[in-house]
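Quick one: structure below, then a few questions.
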Protein chains: 2
Amino acid sequence: MHRSRKVTLLAGGVGAARLARGLARLVKPENLTIVVNTGDDERFHGLHVSPDLDTIMYSLAGLAPWSPGWGIKDDTFTAKHALERLGAESWFALGDRDLATHIRRTQRLSEGAPLSRVTAELCAALGVRQRILPMSDDAVRTVMRTSVGALPFQDYLVKRRARPRVQGVSIRGASKAGPAPGVLRAIRGADTVIIAPSNPLVSIGPMLSVKHLRVAMQKARAKTVAVSPIINGRAVKGPLVSMLRGIGKKADNASIASLYARVASTLVVALHEAPVEKSLRGWPVFAETDTLMSDELGAERLARTLLELGEPPACG
Amino acid sequence: MHRSRKVTLLAGGVGAARLARGLARLVKPENLTIVVNTGDDERFHGLHVSPDLDTIMYSLAGLAPWSPGWGIKDDTFTAKHALERLGAESWFALGDRDLATHIRRTQRLSEGAPLSRVTAELCAALGVRQRILPMSDDAVRTVMRTSVGALPFQDYLVKRRARPRVQGVSIRGASKAGPAPGVLRAIRGADTVIIAPSNPLVSIGPMLSVKHLRVAMQKARAKTVAVSPIINGRAVKGPLVSMLRGIGKKADNASIASLYARVASTLVVALHEAPVEKSLRGWPVFAETDTLMSDELGAERLARTLLELGEPPACG
């Protein structure tokens, strides 16, 4: 029944990748589209790295580890060690198999292929049958305004291990960026749009900063369900809590609800948070499931809940 | 005694790398300069690969295998296999450690560093104390004119395994190229210049096609010794014989002598060839050594012979 639903997922990295795998167990591949943040994209060693696209792609190709982390399961780091010896910066660890992705992507981009086409090629080569779309073919870059100055996102997150105090987030290039081909259609044509339990500021935020994408999401509000990335006042992964505090918000579901108020009509929160947060700012809050997705079956359970929430009311 | 001689070696790939290692056993590192062919340079996967520079560099760093072949000893090919899966051409096999060199080189070149500087950086990182200079910082590319049309050198040699019949060799970009910084000084200032047993058409030829380098070599003729790459009418490695025939020459030492007549004053040939070729076109031919260099001691023996040939006559 869920298999024929058309579902579009807005995705950041690891949490979104888990949910994508859960959805892939329920929805026909051709009916599942994942629109992915590219604000984290960065050049390392002169190569174009798209961390979120790769995390989603590797996950759906069955190549990613389930536990938090990026890259390819059981990858080796021979080239990384050799690059270190040659004096290259090595704070962003790229495995040998992973490196092939970045080399190929960089080559195709330099040949003039847009990121969306390159992504489709990579997915086809890895046997991914769901559609993975970058949010934009244009360069949009997340820059963290911090106590030590403006830092490109990976510099802040990986090199400095998210230690600098965040004062704000800038999404550079967003005003000139358009959605990648297929993105608007995927949002408009979906039966259900799901916002993954990703960071609303640096994973979903960059997508919503692309004007036409944001407008499409606002129009799709009624059919859009967001999953809160907050559990017990903490994010499962990443520096969301300190970021929220840095911009003057509490690290709670109410903050998440306020950030998504114009683009989603339901918030799904972790089960045990239900008693305290039956509704937030007038939203229906749905809280019957495990949003942690500690294994693939957990991801499938959450996916099923989301699909049921998005179902049209039964007739009669 | 040899240690304080200033020696400059004109080098192609594997044969030259062996001789470089032999020379390195006898000459002080700061007195040995190797000027290397870059006509074979090519982009693979969008990365700048300099096969001859790398062969020489890896050899002097103790990273190369002795037996014919390129790349790094015991390298792994994880990224190569992943690139194949992603649909990239894979006829030029780059190992994981080797790949790091090309990634780093490409990055530094894209940052605006000239190839000679990048080469010096890579050598320093790998602990190579001899000076390795690309023949030019400009793009000079060897193109084979063959029975199936014009082919970039690596395409002819590796992809098509040197099967197309060679009708000629074009060195593109040579007329606009200048020698890399330090090359002319290395030739002028050397006590002995040695032309390695490399392919005179596609390894040494591209160097001599760079005008100022050629003129410097012509002026250095009296102190220059060339080692013939022909043994028993065959080349130790590579398609030299069919190339020579393709341009209407015999595959013998007389052909080598004619090709080097204006830039070298002595030709060293394999020991057993001595009886038949005491002199060629009026050249002194020296033939007392094993030019095959089947191991490092063999390379040292050849190097010693070359240094002795280049010695000034003893006084008294």
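Looking only at the stretch B:212-243, which residues are more than 18 Å from the chain's Cα centre (by Cα) and surrounded by fewer than 18 Cβ atoms within 10 Å (Cβ to Cβ)? Lay out the reasoning, then the answer.
Of the residues in the stretch B:212-243, the ones more than 18 Å from the chain's Cα centre (by Cα) are B:212, B:215, B:218-223, B:232-233, B:242.
If the condition is that a residue be more than 18 Å from the chain's Cα centre (by Cα) and surrounded by fewer than 18 Cβ atoms within 10 Å (Cβ to Cβ), then B:His212, B:Val215, B:Gln218, B:Lys219, B:Arg221, B:Ala222, B:Asn232, B:Gly233, B:Ser242 are the ones that fit.
When you scan the stretch A:13-26, how many residues do you find that are buried (at least 24 other Cβ atoms within 10 Å of the Cβ) and either free of Cβ contacts under 8 Å to residues at least 12 places away in the same chain or outside any helix (DSSP H, G or I) (or both)?
Looking only at that region, the number is 1.
Continuing with the same structure: Output yes when any residue across the stretch B:31-45 is outside any helix (DSSP H, G or I), crowded, with 23+ Cβ neighbours inside 10 Å and over 16 Å from the mean Cα position of the chain (by Cα), and no when none is.
So far as the stretch B:31-45 goes, yes, one or more of its residues are outside any helix (DSSP H, G or I), crowded, with 23+ Cβ neighbours inside 10 Å and over 16 Å from the mean Cα position of the chain (by Cα).
Ok, one more. Got a number for residues in the stretch B:244-261 being more than 15 Å from the chain's Cα centre (by Cα) and either over 29 Å from B:Asp191 (Cβ atoms) or hydroxyl-bearing (Ser, Thr, Tyr) (or both)?
Matching residues across the stretch B:244-261 total 11.
Please count how many residues of the stretch B:50-79 are within 8 Å of chain A (Cβ to nearest Cβ) and outside any loop (DSSP other than H, G, I, E, B).
Total meeting the criteria: 2.
Something else now. Say whether the condition of being crowded, with 24+ Cβ neighbours inside 10 Å, at pLDDT below 95, in contact with a Phe, Trp or Tyr (Cβ under 9 Å, 6 or more places away or on another chain) and within 23 Å of A:Val202 (Cβ to Cβ) is met by at least one residue in the stretch A:65-82. Spell out the reasoning first.
Kept after step one, since they are crowded, with 24+ Cβ neighbours inside 10 Å, are these residues of the stretch A:65-82: A:79, A:82.
Retained after the next criterion (residues that are at pLDDT below 95): none.
Among the residues of the stretch A:65-82, not one is crowded, with 24+ Cβ neighbours inside 10 Å, at pLDDT below 95, in contact with a Phe, Trp or Tyr (Cβ under 9 Å, 6 or more places away or on another chain) and within 23 Å of A:Val202 (Cβ to Cβ), which makes the answer no.
From the list B:Gly248, B:Gly238, B:Gly205, which residue is closer than 22 Å to B:Ile56 by Cα and at pLDDT below 95?
Details: B:Gly248 fails: closer than 22 Å to B:Ile56 by Cα; B:Gly205 fails: at pLDDT below 95.
Exactly one of B:Gly248, B:Gly238, B:Gly205 is closer than 22 Å to B:Ile56 by Cα and at pLDDT below 95, namely B:Gly238.
Return the only residue of A:Leu208, A:Leu184, A:Leu201 being buried (at least 17 other Cβ atoms within 10 Å of the Cβ) and over 22 Å from A:Leu115 (Cβ atoms). Spell out the reasoning first.
Working: A:Leu208 fails: over 22 Å from A:Leu115 (Cβ atoms); A:Leu184 fails: over 22 Å from A:Leu115 (Cβ atoms).
That would be A:Leu201, the only listed residue that is buried (at least 17 other Cβ atoms within 10 Å of the Cβ) and over 22 Å from A:Leu115 (Cβ atoms).
The values are calculated or read from the model by the stated rules, or taken from the named source; none is laboratory data. Just so we're clear, the structure is a prediction, and the values are computed from it rather than from any experiment. Here the Cβ is made from the backbone with ideal geometry for all residues, glycine too, and neighbour counts use every protein chain on show.
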